[in-house]
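Notes follow the structure.
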Amino acid sequence: MLIIAERINGMFTDVKRAIMDKDKKVIQDLAKKQTDAGASYLDVNVGTAAADQEGTIQWLVESIQETCSTPLCLDSQKPDVIAAGLKVLNAGNGGLLNSTPLNKKNDDEILDRFIEMATQAGPKVGVIALTMDKNGVPQDTDNRVAIAAEIVSKAMEKGFDTQRLFIDPIVLPVKVPNAQVQPTNILNAMDQIKYLCDPAPHMTVGLSNLSQGTNQRSLINRVFLAMAMSHGLDSAIADTFDEDLMNIVATSEMLMNKQIYSDSFLKVYAS
Ligand code: THG
């Protein structure tokens, strides 16, 4: 299971303030702490913290890379922002370009551009693609799978190794009216997406989206993560500072026979 640490995101007030004050230390601290907590990648998302998205993602990437070699996950739906981040990314460490829909009303070729950028960046750089198209986010299982199938065939067409492709079936807040059927729809979609090609594409979700606005945030995130792992989820953008969440990842892997059982399996996993 790859955990993509979510905290370097301008959505959080401490990060937003650090971006506005150009205070590297806050960002570097988060990078190190999330790495120590078990992050495989660090998400980097400017959010609404700055008008200059391109300059800011570069400042974030450079600040992080000064202290930490954890691969980065450049997070923007704007290809130009991703391209700016890529200019300064040390792609030799690996990386992810997050996130593109299949297509957009005003940009039929956005997925092609993400795939081309990842291809140019080198063999260790992957793409996270959302099961979303010009009509928006599908609410049911079938349309999620249909869009995922188009994403996979586009990758194959362009000679992009599907093991570098991460499909995100899009988790929405469970609290939103009528959204309570979505977690089940997502699990059903994941059951099918993993058979779209061999080897299967990776699958990821923005886990914390699920619990936004609820007052049982970590409980909801933890339970859904365990459920989704049993349906083939092999990565997630998540809160690495939630220790129980990280222990659930380790325990799920052990119970799924991906890690051998020993009394110290939590410690073994963390190391
Ligand atoms: N899929 C992909 N990428 C994504 C998402 C996704 N990137 C962004 C996001 N969704 C995943 N990251 C987060 C980060 C934080 C929160 C949710 C998802 C979050 N933040 C608090 C909130 O909104 O309540 C902020 C709290 C604070 O300000 O302190 O929940 O789905 N591919």
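List of remarks:
- Contact annotation: residue pairs with Cβ atoms under 6 Å, 6 or more positions apart or on different chains, pairing a residue in segment 253-271 that is within 23 Å of A228 (Cα to Cα) with a partner that is among the charged types (D, E, K, R), are Q259/E253.
- Close pairs from segment 1-18: first within 7 Å of the ligand (Cβ to nearest atom), partner open to solvent by 10 Å² or more (accessible area, probe 1.4 Å), Cβ under 7 Å, at least 6 apart: E6/S208; E6/I237; E6/D239; N9/N45; N9/G47; M11/G47
- Within segment 4-38, the set of residues being among the hydrophobic types (A, V, I, L, M, F, W, C), open to solvent by 30 Å² or more (accessible area, probe 1.4 Å) and part of a loop (DSSP other than H, G, I, E, B) comprises M11, F12, A37.
- Of everything in segment 96-109 that is open to solvent by less than 60 Å² (accessible area, probe 1.4 Å) and more than 14 Å from the ligand (Cβ to nearest atom), the residue that is nearest to K158 (Cα to Cα) is N103.
- Selection from segment 129-149 of residues that are among the hydrophobic types (A, V, I, L, M, F, W, C), open to solvent by 20 Å² or more (accessible area, probe 1.4 Å) and within 14 Å of T100 (Cβ to Cβ): M132, V137
- Total residues in segment 164-206, condition within 16 Å of the ligand (Cβ to nearest atom), part of a loop (DSSP other than H, G, I, E, B) and not polar (S, T, N, Q): 10
Yes or no, residue by residue, for (1) farther than 18 Å from N209 by Cβ; (2) not aliphatic (A, V, I, L, M):
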residue	(1), (2)
K32	yes, yes
D36	yes, yes
E66	yes, yes
L72	yes, no
Q77	no, yes
A91	yes, no
L96	no, no
S99	no, yes
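Residue by residue, here is whether (1) open to solvent by 60 Å² or more (accessible area, probe 1.4 Å); (2) within 25 Å of V127 (Cβ to Cβ) holds:
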site: G232; (1), (2): no, yes
site: A238; (1), (2): no, yes
site: S252; (1), (2): no, no
site: N257; (1), (2): yes, no
site: F265; (1), (2): no, no
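- Exactly one residue out of A146, A189 is among the small types (G, A, S), at pLDDT 95 or above and either within 24 Å of G85 (Cα to Cα) or more than 20 Å from the chain's Cα centre (by Cα) (or both): that is A146.
- Residue list for segment 211-251, restricted to those being part of a helix (DSSP H, G or I), within 13 Å of the ligand (Cβ to nearest atom) and of a type in the set (V, I, T): I220
- In segment 192-216, of all residues being more than 25 Å from G126 (Cβ to Cβ) and open to solvent by less than 60 Å² (accessible area, probe 1.4 Å), the one that is nearest to the chain's Cα centre (by Cα) corresponds to S211.
The values are calculated or read from the model by the stated rules, or taken from the named source; none is laboratory data. Please read these numbers as outputs of a predicted model, since none were measured by experiment. Don't worry about glycine lacking a Cβ; one is built from the backbone with ideal geometry, like all the others, and counts go over all protein chains shown. Note: areas computed on protein heavy atoms with side chains; ligands, DNA, RNA excluded. Shrake-Rupley method; radii C 1.70, N 1.55, O 1.52, S 1.80 Å.
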